[in-house]
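Take a look at the structure set out below.
Just so it is clear, none of the values below were taken in a lab; they were calculated from the coordinates. Please read these numbers as outputs of a predicted model, since none were measured by experiment. Here the Cβ positions follow ideal geometry from the backbone for every residue, glycine too, while neighbour counts run over all protein chains shown.
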Amino acid sequence: MKVGIHAISYYVPTQYLPIETLANARDIEYAKLNKGLGLTSMSFPDIDEDAATMGANAVLRLIQSENIHPSSIGRLYLGTESALDSAKPTATYILDLVENQLSAEHGPDCLRNVDAVDMIFACVSAVDALENACLWAAQNPDKVAIVVASDLAKYDLGSTGEYTQGAGSVALAVRTNPDMISIDPHIGVATKGERDFFKPRRTFTKAALLAEAAKLLGVELSEEQAQEKLASSNGFWGGNTMLRSYVEEPVFDGQYSNFAYVSRIKEALANFGTKINTNPALDWDKVVMHLPYAFQGRRMLVNFYLDWMKANNKWNEVVEVMGSDMPADKAEAKEWVRAFSKSDYYRAYVAKALAPAERASSLIGNMYTASIFMGLLSTLCDAADKGQNIEGHTIGFMGYGSGSKAKVFQGTVEKGWNKVAQLDLFNSLENRTAVSFETYENWHNENLHSAITPNKRGFVFTGLRTEENQEFYRDYTFNA
């Protein structure tokens with residue numbers, strides 16, 4: 001019995017910052033970002049959008065476009081690292097919003113029997129969600145599971161991660177006998193606790209905060225003086241001596257994160273190889289990876305590709321292309337590999353297997369958990385745009401989440417795959433609105449007081465409650 005992805009939907013915010021605008025403002029050579037990393041534009045949410053609205057918009061579109069009856073839906077799994085609460089799952093916000101919108105046709109409790117849960121493991125958590133959804137769907141062949149990945153990738157202004165930012169959501173309908181992609185149950189996994197990227201709860205003493213606030217007023221307070229004033233205070237300043245804050249911007253080490261990514265993928269590939277006999281260079285027609293930036297895959301995969309060529313007895317082709325075997329000297333070997341990565345031979349492989357997934361990534365940026373599934377959608381839409389028939393093709397998937405874990409698996413393209421053409425992905429991305437650098441920075445610093453795109457269609461965030469016992473609960477509405 002086949003199990004997998006029956007349908008796909010997505011939501012990407014309508015505004016973006018051109019990477020050339022960012023490059024000029026940060027005095028970075030545009031070609032370094034565009035030609036070197038594959039970046040063209042950066043998607044970011046409006047002030048009335050968040051992980052819940054983006055996810056709900058993608059899920060509602062999925063249900064309506066596929067005419068999925070609410071009674072057939074049994075699971076809603078959300079993969080995200082942009083959760084809105086430490087206790088209440090963001091999936092419940094999404095479920096509630098979608099149920100309210102479907103209630104006129106299907107009744108107010110039409111999704112009441114859906115099991116909803118958040119899954120968190122950095123960028124790989126939506127892959128975890130897909131794996132669990134497939135297992136559940138196999139046990140419930142008359143039901144549908146929905147997997148949604150919804151995220152905002154936001155980094156400190158001026159940091160090395162700033163130009164990789166992005167945002168959006170992808171929703172998948174998972175069931176038996178899927179129209180689009182059947183997922184092979186064999187999954188390679190590798191997990192190791194790492195410090196490459198994390199979003200900690202930051203802590204500050206109230207005394208230090210008071211001293212810094214006093215400086216703004218021209219008053220110097222020692223820590224002891226600040227503590228004395230706090231000792232007699234009530235309300236905000238009284239009680240607990242610590243303040244804890246959460247921000248979207250992560251603590252990260254880019255080079256170390258690349259090392260962890262490569263290490264986990266290598267280990268997951270090895271684990272995958274113990275479960276199924278395959279050679280990715282020969283057996284995978286397309287490769288879809290988590291892309292922190294568009295060209296991450298082609299840069300990272302070159303060494304794996306060379307290993308695969310050795311394994312499938314095609315190393316002589318590589319030697320012929322390069323005119324020599326790989327040097328024994330480490331430094332010389334590194335330059336040899338770099339030269340191979342620029343060869344027409346490897347570029348032909350990139351164009352066939354990797355570039356289709358890069359198209360959307362280049363226009364959106366890093367979508368964290370949604371990146372790998374936007375790569376899948378981009379791959380399918382690219383084939384549809386070019387009139388290719390990829391039914392029966394094998395797609396290899398490589399998911400990674402910092403912290404760290406990698407999962408490797410594969411899927412087969414089914415006969416109904418080309419219904420993705422109705423999503424009109426690339427035209428939709430081209431028709432978004434570019435914003436100025438000033439608008440972008442004001443958004444980043446939370447200095448915008450009105451939406452960039454007012455009265456946008458779909459779900460929007462309307463504010464936080466202030467009533468007792470409801471403080472900071474999030475409210476939303478739907479604009480038809």
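Counting Lys and Arg as +1 and Asp and Glu as -1 over every other residue whose Cβ lies under 15 Å from the Cβ of residue 35, the net charge comes to +2. Give the shape of segment 244-298 as rounded, prolate or oblate, defined through the alpha-carbon gyration tensor: a ≥ b ≥ c are the square roots of its eigenvalues, a/c under 1.5 means rounded, and otherwise the shape is prolate if a/b is larger than b/c and oblate if not. Cα axes put segment 244-298 in the prolate bin. Taking amide H as placed 1.01 Å from N in the peptide plane, the amide H of residue 115 sits under 5 Å from that of 75, 76, each at least 5 places away or on another chain.
Of all beta bridges that DSSP places with both ends in the chain, some 75 percent have antiparallel geometry.
In order along segment 208-214, the phi-based Karplus estimate (6.51 cos²θ - 1.76 cosθ + 1.60, θ = phi - 60°) of 3J(HN,Hα) comes to 5, 5, 5, 5, 5, 5, 5 Hz; Gly and Pro are listed as x.
Pull out a ≥ b ≥ c, the square roots of the eigenvalues of the alpha-carbon gyration tensor of segment 191-236, then state rounded if a/c is under 1.5, prolate if not and a/b is larger than b/c, and oblate in the remaining case. In terms of gyration-tensor shape, prolate. Phi-derived couplings, Karplus 6.51 cos²θ - 1.76 cosθ + 1.60 at θ = phi - 60°, listed residue by residue for segment 401-418: x, 4, x, 8, 7, 10, 10, 10, 7, 9, x, 10, 6, 9, 5, x, 4, 6 Hz, with x used for Gly and Pro. Ordered by the number of other Cβ atoms lying within 10 Å of each residue's own Cβ, fewest first, 94, 63, 452 fall into the sequence 452, 63, 94.
For segment 124-231, the number of Lys pairs separated by eight or more positions or lying on different chains, with C-alpha atoms closer than 18 Å, is 4.
With a/c under 1.5 counting as rounded, go ahead and sort segment 148-243 into rounded, prolate or oblate using the C-alpha gyration tensor (a ≥ b ≥ c being the square roots of the eigenvalues; past the cut-off, prolate if a/b is larger than b/c, else oblate). Note, shape of segment 148-243 comes out prolate.
Using C-alpha pairs under 8 Å with a sequence gap of at least 6, the mean separation divided by the residue count of segment 202-245 gives a relative contact order of 55 percent. Which entry in [x] 78, 61, 41; [y] 89, 63, 41; [z] 117, 43, 32 matches Cα extents along the principal axes in Å derived from the coordinates of this structure? Label of the calculated value: [x]. Charge dipole of segment 1-126 (Cα centre as origin; +1 on each Lys and Arg Cβ, -1 on each Asp and Glu Cβ, all else neutral): 480 debye, rounded to the nearest 20.
Its residue count N fixes a reference of 2.2 N^0.38 Å for segment 26-99, and the Cα radius of gyration divided by that reference is 1.54. Here the Karplus curve 6.51 cos²θ - 1.76 cosθ + 1.60, taken at θ = phi - 60°, turns the phi angles of segment 94-104 into couplings of 4, 4, 5, 4, 5, 4, 4, 6, 8, 5, 4 Hz, with x standing for Gly and Pro.
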